[in-house]
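Shown next, in structure tokens, is the structure this report addresses.
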Amino acid sequence: MTSSAAPTAPSDASVLDLAPVVPVVVLHDAADAVSLARALVAGGLPAIEVTLRTPAALDSIRAMAAEVPGAVVGAGTVISPEHVRDTVAAGARFLVSPGWTDALLEAMKASGVPFLPGVSTTSEVVALLERGVREMKFFPAEAAGGTAYLKALSAPLPQARFCPTGGISLASAPSYLALPNVGCVGGSWMVPGDAVAAKDWDRVARLAAEAAALAG
């Protein structure tokens, strides 16, 4: 997929089905946002989660959404209704939270864009299913039980689908993607800090292509 390709709309397909890997991006300089997004899209990863961990996050979302047609830009680390409001206004097309409350869930539901609320326990999964939510982020994946935990959930709760994130690497991603209740994984290995600092977008594109190939 190249940066000139038409965007894939979450309304037409689940966020979990856009690509096998969703890059989890932390940007300290919004000036890098467009080049980074173009590299990821060129490598075959159109869904990009920009985390709200830095002051540059909102401007980065805004720039990617406006200038990279092939990108489906989302916001991560969404933990308040204000985050929902501000990121959607900036152009975020999906929302990801590390956890959830009723207030946050209602704000995400009202936003009009797809969302993945974070869970790490069976009770949280059941509570979301009770509220009509079937697609979730499993976080922190490795620390919360990894593939063994998700596999155990698949029998009693087959209607729940997950994007596990947290500690996942190129080596471990295939074992997650092989599970019937996993649609994609989130990871940051294709956007290493040294490559971003050096503006080595060719390296980012190569790492993204490796990750995108996991779909096969």
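Contact list please: Cβ distance under 8 Å, first residue in the stretch 187-205 and farther than 23 Å from Val96 by Cα and touching a residue at least 40 places away in the same chain (Cβ under 8 Å), second residue open to solvent by 60 Å² or more (accessible area, probe 1.4 Å) and part of a loop (DSSP other than H, G, I, E, B), pairs at least six apart or on different chains.
none
List every residue pair whose Cβ atoms lie under 6 Å apart, where the two residues are 6 or more positions apart in sequence or sit on different chains, the first residue falls within the stretch 31-42 and is closer than 16 Å to Ala57 by Cβ, and the second residue, located anywhere, is modelled with pLDDT of 95 or more and surrounded by fewer than 21 Cβ atoms within 10 Å (Cβ to Cβ).
Matching pairs, first to second residue: Val34/Glu67.
In the stretch 139-181, what residues are in contact (Cβ under 8 Å) with a residue 60 or more places away in the chain and β-branched (Val, Ile, Thr)?
Selection gives Thr165 alone.
What is the residue count in the stretch 178-208 for residues that are surrounded by fewer than 17 Cβ atoms within 10 Å (Cβ to Cβ), part of a helix (DSSP H, G or I) and of a type outside the set (Lys, Arg)?
Count: 4.
The values are calculated or read from the model by the stated rules, or taken from the named source; none is laboratory data. From a predicted model like this one, the values you see are computed outputs, not experimental measurements. Note that we place each Cβ from the backbone using ideal geometry, even for glycine, and neighbour counts take in every protein chain shown. We work out accessible area using only protein heavy atoms, side chains counted, and drop any ligands, DNA or RNA first. Shrake-Rupley method; radii C 1.70, N 1.55, O 1.52, S 1.80 Å.
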